[in-house]
1. Take peptides 235-247, 18-30, 121-133 and line them up by average Cβ neighbours within 10 Å, highest first, as a rough protection proxy.
2. Based on a Kirkwood Rh over C-alpha pairs, give the Stokes-Einstein translational diffusion coefficient of region 78-146 at 4 °C and viscosity 1.567 mPa s in µm²/s.
3. Run lengths n ≥ 4 of DSSP H only: what is the helix-derived mean residue ellipticity at 222 nm for the chain, with -39500 (n - 2.57) per run over all residues, to the nearest 500?
4. How far apart, in nm, are two points set 7 Å out from the Cα along the Cα-to-Cβ line at residue 150 and at residue 51?
5. Sort 199, 48, 62 so that the residue with the fewest other Cβ atoms within 10 Å of its own Cβ comes first and the one with the most comes last.
6. Ranked from highest to lowest mean number of other Cβ atoms within 10 Å per residue, what is the order of the peptides 163-175, 77-89?
7. Within 10 Å of each residue's Cβ, count the other Cβ atoms and sort 107, 138 from fewest upward.
8. Express in % the proportion of alpha carbon pairs of the chain at distances exceeding 27 Å.
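Computed from the coordinates by the stated procedures, all read-outs in this text should not be read as laboratory data. Keep in mind that this is a model prediction, so the values were computed, not measured. When we count neighbours, we look across all protein chains shown, and the Cβ atoms used for this are built from the backbone with ideal geometry, even at glycine.
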């Protein structure tokens with residue numbers, strides 16, 4: 001497998017689980033401490049060896065394009081007022097990676113959003129990082145998935161075990177052990193009923209995929225929820241190529257819903273070098 005240097009971040013969802021805030025603010029731009037959610041994801045990609053990132057957006061999300069751009073006037077004003085730290089942070093956000101954009105003109109699901117990246121990716125393997133899944137780990141989760149894909153010479157997906165009653169919110173997979181924390185994928189299904197779950201392992205929001213996925217997604221009919229599902233494309237890909245799953249080291253936060261966003265906010269704040277000690281004392285005082 002070629003070295004993976006490109007990534008796709010699907011960020012075209014309507015953010016319905018976070019309304020009314022996301023009526024005008026992209027859910028990926030909601031602040032997690034002092035940075036928008038999507039910046040953590042882009043930083044993870046860059047730390048995993050990704051150089052070029054395509055963000056799949058929609059017509060309501062131009063704020064992301066503006067954020068990852070230079071703002072010379074603001075930087076100059078901050079510098080003159082002695083706030084060089086803020087000026088540097090603004091400039092650094094624009095320099096994390098080479099960032100490109102394409103719009104998903106219709107909300108047709110994750111599989112369709114990935115398919116929109118076909119021209120950007122070409123005939124190369126690539127990473128996918130979901131736009132509302134924030135990870136905390138020692139080794140970047142995306143790097144863990146890429147390493148497994150390159151080692152096994154095939155697509156790799158992130159996975160974690162869940163309680164049976166939680167599986168219906170995710171995609172379940174049938175797996176067999178292959179190596180330490182790496183499994184061979186035997187089957188997949190999207191948002192199954194508890195009795196239809198293939199195992200207690202579910203797909204999380206990180207992937208390393210071969211370009212063969214585009215052939216599977218191109219004419220894929222709508223699946224669960226009336227949308228083109230990436231899991232259905234992966235199931236088709238599995239009939240042609242092997243896929244592995246990685247029980248990654250780290251914790252995943254679903255910042256696309258209120259509970260996950262609050263969990264991430266509290267736990268990231270407690271780990272923060274600047275605010276952690278104060279925030280812990282504050283919580284104890286309550």
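1. Details: 235-247: 19.0, 18-30: 17.2, 121-133: 21.7.
Those peptides, ordered most packed to least, come out 121-133, 235-247, 18-30.
2. On the way: Rh = 15.5 Å.
Here the translational diffusion coefficient equals 83 µm²/s.
3. -9500 deg cm²/dmol
4. Between residue 150 and residue 51, the label points sit 1.3 nm apart.
5. So the residues, fewest neighbours to most, are 62, 199, 48.
6. Order by mean packing, descending: 163-175, 77-89.
7. Ranked by crowding around the Cβ, least crowded first: 138, 107.
8. Values: 16591 of 40755 pairs.
The answer is 41 percent, as a whole percent.
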